[in-house]
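The structure under discussion appears below in the form of structure tokens.
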Amino acid sequence: MSDRQKPQALILAGGASRRMGRDKATAPFAGRPMIAWIVERLAPQVISLAINAPEGFPLDLGLPLVPDTIADRQGPLAGVLAGLRHAAATSSASHMLTVPADTPFLPPNLAATLCAAADDPARILLAASAGRVHPVVALWPLSLADDLEIWLADPGNRRLQAYIARHPSLAVDFPLIETSAGPLDPFFNVNTPADLLSAERYLEALSK
């Protein structure tokens, strides 16, 4: 995929991380902050990369910080909106890829596979695996920004799935990764300390 065809990308790192008990993006994972693994996986796949997090985000990864434009952490859709506005202002890309800050095993062909399925310029492309859709891992048309801003003006409109249901969308399946520790979902997300231990076991298995 040429640079001209690559999307912009945004790591959604503005969540409260209540189940982890600390900020997941900065949680140590195999000697590095969790978000550093996502950056390493994603950066080669996209034309540019930014982080959606509040002002004062404690890590300097050399990437633009894109805070929500809506106050009080209104969920991932607020991050998507901020990212769409940033992407439109900083590149000529037609789409933006979003991923959460707690998925260290993202597929190396994530962006290319979703972009290859983007035959309708108005369609949202959603990653899926093992029969489950992952709506935070999605390729968004930049043209949705105005519509999304109007939607979020109603305080009752915060659910990601409800917004996606209003638009054409397509789930794109990705295979599980076979490891000596068992099949690994490439979208395995680390929500709890127990998940972190599981992720470390998978990482060790992948290195063998």
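Got a sec? Which of 192, 103 is in contact (Cβ under 8 Å) with a residue 60 or more places away in the chain, open to solvent by less than 10 Å² (accessible area, probe 1.4 Å) and hydroxyl-bearing (Ser, Thr, Tyr)? Talk me through it step by step, then tell me what you get.
Details: 192 fails: open to solvent by less than 10 Å² (accessible area, probe 1.4 Å).
Among 192, 103, only 103 is in contact (Cβ under 8 Å) with a residue 60 or more places away in the chain, open to solvent by less than 10 Å² (accessible area, probe 1.4 Å) and hydroxyl-bearing (Ser, Thr, Tyr).
Check residue 171 against each of (1) open to solvent by 60 Å² or more (accessible area, probe 1.4 Å); (2) in contact (Cβ under 8 Å) with a residue 40 or more places away in the chain and name the one condition it does not meet.
Against the list (1) open to solvent by 60 Å² or more (accessible area, probe 1.4 Å); (2) in contact (Cβ under 8 Å) with a residue 40 or more places away in the chain, residue 171 comes up short only on (1).
Give the number of residues within segment 87-100 that are surrounded by fewer than 22 Cβ atoms within 10 Å (Cβ to Cβ) and in contact (Cβ under 8 Å) with a residue 40 or more places away in the chain.
Final tally of qualifying residues: 5.
Looking at segment 80-141, what strands (runs of 3 or more DSSP E) fall wholly within it and have at least 3 residues that are over 13 Å from the mean Cα position of the chain (by Cα) and of a type in the set (Gly, Ala, Ser)?
In segment 80-141, there are no strands (runs of 3 or more DSSP E) which contain 3 or more residues that are over 13 Å from the mean Cα position of the chain (by Cα) and of a type in the set (Gly, Ala, Ser).
What are the residues in segment 44-58 that are of a type in the set (A, V, I, L, M, F, W, C) and under 12 Å from the mean Cα position of the chain (by Cα), if any?
49, 50, 51
Scan segment 60-79 and report the pairs whose first residue is on the phi > 0 side of the Ramachandran plot and whose second residue is assigned to a loop (DSSP other than H, G, I, E, B), with Cβ atoms within less than 7 Å and a gap of 6+ or a chain change.
73/14; 73/16; 75/158
Tell me which residues, restricted to segment 133-168, are exposed (fewer than 14 other Cβ atoms within 10 Å of the Cβ), among the basic types (Lys, Arg) and either under 23 Å from residue 52 (Cα atoms) or touching a residue at least 40 places away in the same chain (Cβ under 8 Å) (or both).
159, the sole residue that qualifies.
Taking the condition of being without any contact (Cβ under 8 Å) to a residue 12 or more places away in the chain and either closer than 22 Å to residue 137 by Cβ or hydrophobic (A, V, I, L, M, F, W, C) (or both), how many residues in segment 196-208 meet it?
2
Out of 63, 42, which single residue is under 23 Å from residue 109 (Cα atoms) and part of a loop (DSSP other than H, G, I, E, B)?
63
The values are calculated or read from the model by the stated rules, or taken from the named source; none is laboratory data. Not measured: the values here are computed from a predicted model. Reconstructed Cβ throughout: ideal geometry from the backbone, glycine too, with neighbour counts over all protein chains shown. These area figures cover heavy atoms from the full protein model, side chains too; ligands, DNA and RNA do not enter into them. Shrake-Rupley method; radii C 1.70, N 1.55, O 1.52, S 1.80 Å.
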